[in-house]
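Right, one structure below, let's go through it.
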Amino acid sequence: RAATGGEPFFLGPLYVYFLAAPLALTGGSLVAAKVLQVLLGTAAVGLLYIAARPWFGRKAALAAAGLLALTGPVVFREAIFLQAARDPFLMALGLCAVSRALEAARGRDWALAGAALGLFALNRPNALLWGLGLAAALPLARGIARGGREAAALALGLALAVPPATLRNLAGSG
């Protein structure tokens with residue numbers, strides 16, 4: 001139990017691990033952790049542009065990315081240590097991955113989309129509903145055969161991302 005912290009996570013565990021990485025690599029530098037957080041927030045703007053461009057065109061994608069970059073609560077959260085600071089990046093990553101999977105329609109892209117949504121769920125557990133809802137909708141929207149394969153690949157990606165935290169909780173709580 002000592003190796004796992006002895007207690008289960010009651011909140012999404014991803015932010016704890018996010019902070020641990022730069023702190024461990026830099027000897028506890030809070031500045032490094034904050035810089036990484038701001039870089040990921042900036043990357044969210046680019047990911048939103050990439051996700052929106054194929055569906056809405058260049059101008060609308062630029063407008064969406066610009067609005068995200070100028071959204072006060074998003075910018076504010078990037079500047080402080082708060083679990084919600086990861087949400088714009090993880091949401092944009094999920095949107096980008098799902099957009100790519102919808103375009104490419106390859107199993108590997110759907111598995112990556114599932115993993116991205118699984119990471120988002122590790123930060124914001126109710127995001128798991130997005131992944132599960134999408135998996136349920138794919139066979140309805142794209143046909144049983146094709147949509148079923150895509151939903152299975154999406155579920156595989158979710159299954160790869162979420163269980164490590166579940167297993168850690170089981171080990172921590174006994």
Taking the range 65-81 on its own, how many of its residues are open to solvent by less than 60 Å² (accessible area, probe 1.4 Å) and assigned to a helix (DSSP H, G or I)?
7
Which of the residues that make up the range 155-168 are under 11 Å from Arg108 (Cα atoms) and either free of Cβ contacts under 8 Å to residues at least 40 places away in the same chain or open to solvent by 40 Å² or more (accessible area, probe 1.4 Å) (or both)?
Leu156
Just name the residue that is nearest to the chain's Cα centre (by Cα) out of those in the range 88-115 that are open to solvent by 20 Å² or more (accessible area, probe 1.4 Å) and charged (D, E, K, R).
Arg100
Can you name the residue in the range 137-154 that is open to solvent by 40 Å² or more (accessible area, probe 1.4 Å), small (Gly, Ala, Ser) and at pLDDT below 95 and is also farthest from the chain's Cα centre (by Cα) among such residues?
Ala145
Restricting attention to the range 116-127, and to residues there that are over 15 Å from Ala97 (Cα atoms) and in a helix (DSSP H, G or I), which single residue is most open to solvent (accessible area, probe 1.4 Å)?
Asn126
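The values are calculated or read from the model by the stated rules, or taken from the named source; none is laboratory data. Since the model is a prediction, treat every value here as computed from it, not as a measurement. In this analysis, Cβ positions are derived from the backbone assuming ideal geometry, glycine residues included, and neighbour counts consider all displayed protein chains. Remember, those area values only see protein heavy atoms, side chains included, never the ligands or the DNA or RNA. Shrake-Rupley method; radii C 1.70, N 1.55, O 1.52, S 1.80 Å.
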